[in-house]
Amino acid sequence: MSRQTVVLGAGMIGVSIAWHLARRGRSVLLVDRRPPGQETSYGNGGLIQREAVRPYTFPREFGKLLSALPNRRVDIRYRLSGMLQFAGPLYGYWRYSAPRHYERIVAEYASLIMLSTQEHAPMIEAAGAAGLIGKEGWLEVHRSRAELERRQREAEDAAMRFGVAHEALDAVALARLEPDLKPGLAGAVHWTNSWSVADPGGLVAAYAESYKRQGGEFLQANIEWVSQAGQGWHVETDSGSYEADEVVVALGPWAGGWLRGLGYHLPTFVKRGYHMHYGAERERRLRHWVADADIGYILAPMRAGIRLTTGAELARLDAPPSQAQLDAAERRARELYPALGGRLEEAPWKGARPCLPDMKPIIGPAPRHKGLWLAFGHGHQGFTMGPATGRLMAEMMEGEPTAVDMAPFRADRF
């Protein structure tokens, strides 16, 4: 059975690539062990972050590094086994976070973020998924006046350079928008041209259904191996063998491990994360997605309940879950939003963000294999950047001019 293109991985990245290729008339097979949108893309904070032009850095200030050592922070936790496994990539992450590298990276990274909402829009329309989308923006709440002022300066810079829209809110204005948050907060940045998503996994699934209506096929199967076969590729699954002219690897946190079998040793690492859904009093509902920015978690009023999403855990991809970070975030969330109700699930969801040291994804051809294409490493923003990545990958694969310069995202930069 022959397919012109096989896309491996049915998260937001893989589904978006498959959607754009099918739209161009390609014969596409999308493969994943789970239904579309049920892995990393399911568990995020549910934001299409048009404002996220500055990727998260590795802390370089001595005070911040020292505060992380007791391993009790909400925004970042670590396990020694993970730190040892990822020592090389994490050193690179620290190095690229230096100002002399970071400012160049911001401009390159922002070129993808600036396409985010405009590339989600046609996919939302084609999928009939407008009911999942909120366009009221979200609130980055600060307890510290100094941090609020610093972020407002960054917001003004982002507005001038990258078209990010925002409103600066003092404590009184914040209380008008979210009257049931605790009093005494410094204020917030209201990011007004970012969108919220009431069911992130549901949005990916809707995109996948739209892809299938365009003639694309989906196979739920375990991928066993991928190898070159003459001028094309052979994909072996536990449900059968498939031949393709081209293969796209969009396997998120698993991509680095898969590519080692083809001789690529890319400096991948993961930032794991957890979420839990909670009830809330109807009379004291949360009206916006709220990030408690000085602490490091998000509260998101989704269809399934209020989702509390933790910061990052630096641990091995296969390490057993730990509930300590979520528990710590929940304590601070109940302080910020006293109306937060009880847990709605027995156990937290756990996932992993696929990361690279320079904070930018790999999008483009594999350096040493014709017909092999790579799309992973989007860190915290795969959900935001998926449709833009799909468009850009399709443009490259079809030999079309790309919407942005793709040189910064080449695999051979490593």
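Okay, here's what the table says:
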quantity	calculated
Of all residues in the range 200-240 being of a type in the set (Ser, Thr, Tyr) and part of a strand (DSSP E or B), the one that is surrounded by the most Cβ atoms within 10 Å (Cβ to Cβ)	Thr237
Long-range neighbours under 9 Å by Cβ, at least six apart or interchain, first residue buried (at least 16 other Cβ atoms within 10 Å of the Cβ) within the range 169-187, second outside any loop (DSSP other than H, G, I, E, B) and of a type in the set (Asp, Glu)	Asp180/Glu283; Ala186/Glu147; Ala186/Glu149; Ala186/Asp170; Gly187/Asp170
Cβ pairs under 7 Å, 6+ apart, first in the range 315-342 and on the phi < 0 side of the Ramachandran plot, second surrounded by fewer than 17 Cβ atoms within 10 Å (Cβ to Cβ) and among the polar types (S, T, N, Q)	Arg316/Ser81; Ala319/Ser81
Top-ranked residue in the range 21-44 [being under 20 Å from Gly201 (Cβ atoms) and over 14 Å from the mean Cα position of the chain (by Cα); ranked as surrounded by the fewest Cβ atoms within 10 Å (Cβ to Cβ)]	Arg34
Within the range 364-414, tally of residues that are more than 20 Å from Ile48 (Cβ to Cβ) and surrounded by fewer than 24 Cβ atoms within 10 Å (Cβ to Cβ)	27
Test: residue in the range 130-148 that is surrounded by 15 or more Cβ atoms within 10 Å (Cβ to Cβ) and of a type in the set (Ser, Thr, Tyr)	no
Filtered residues of the range 136-160 (kept if in contact (Cβ under 8 Å) with a residue 60 or more places away in the chain and among the basic types (Lys, Arg))	Arg143, Arg151
Filtered residues of the range 168-199 (kept if closer than 22 Å to Leu340 by Cβ, assigned to a loop (DSSP other than H, G, I, E, B) and of a type in the set (Ser, Thr, Tyr))	none
Condition broken by Asp358, with the remaining ones in (1) surrounded by fewer than 21 Cβ atoms within 10 Å (Cβ to Cβ); (2) in contact (Cβ under 8 Å) with a residue 60 or more places away in the chain satisfied	(1)
Some residue of the range 145-162 being in a loop (DSSP other than H, G, I, E, B) and out of contact with any Gly (no Cβ under 7 Å at 6 or more places or on another chain)	no
Near pairs, Cβ below 7 angstrom, 6+ apart or cross-chain, from the range 61-88 (without any contact (Cβ under 8 Å) to a residue 40 or more places away in the chain) to any residue that is crowded, with 17+ Cβ neighbours inside 10 Å and charged (D, E, K, R)	Ser67/Arg73; Asn71/Arg77
Qualifying strands (runs of 3 or more DSSP E) (wholly inside the range 1-83; at least 2 residues being more than 27 Å from Trp349 (Cα to Cα))	2-8, 28-32
Evaluation of Leu115 against (1) within 30 Å of Asp327 (Cβ to Cβ); (2) among the aliphatic types (A, V, I, L, M); (3) surrounded by 19 or more Cβ atoms within 10 Å (Cβ to Cβ) (one fails), failing number	(1)
Selected residue [exposed (fewer than 13 other Cβ atoms within 10 Å of the Cβ) and among the basic types (Lys, Arg)] from Arg79, Arg72, Arg60	Arg72
Matching entry among Tyr56, Tyr91, Tyr109 (being of a type outside the set (S, T, N, Q) and more than 15 Å from the chain's Cα centre (by Cα))	Tyr91
Evaluation of Thr40 against (1) touching a residue at least 24 places away in the same chain (Cβ under 8 Å); (2) over 26 Å from Tyr109 (Cα atoms) (one fails), failing number	(2)
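Residue by residue, here is whether (1) surrounded by fewer than 19 Cβ atoms within 10 Å (Cβ to Cβ); (2) outside any loop (DSSP other than H, G, I, E, B); (3) not assigned by TED's automatic domain parsing to the domain that holds Arg143 holds:
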| site | (1), (2), (3) |
| --- | --- |
| Glu246 | no, yes, yes |
| Leu259 | no, yes, yes |
| Met276 | no, yes, no |
| Gly279 | yes, yes, no |
| Val290 | no, yes, no |
| Arg307 | no, yes, no |
| Glu313 | no, yes, no |
| Arg316 | yes, no, no |
| Glu330 | no, yes, no |
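The values are calculated or read from the model by the stated rules, or taken from the named source; none is laboratory data. Given the structure is predicted, the values throughout are model-derived calculations rather than measurements. Glycine also receives a Cβ, built like all others from the backbone with ideal geometry; neighbour counts cover every protein chain displayed.
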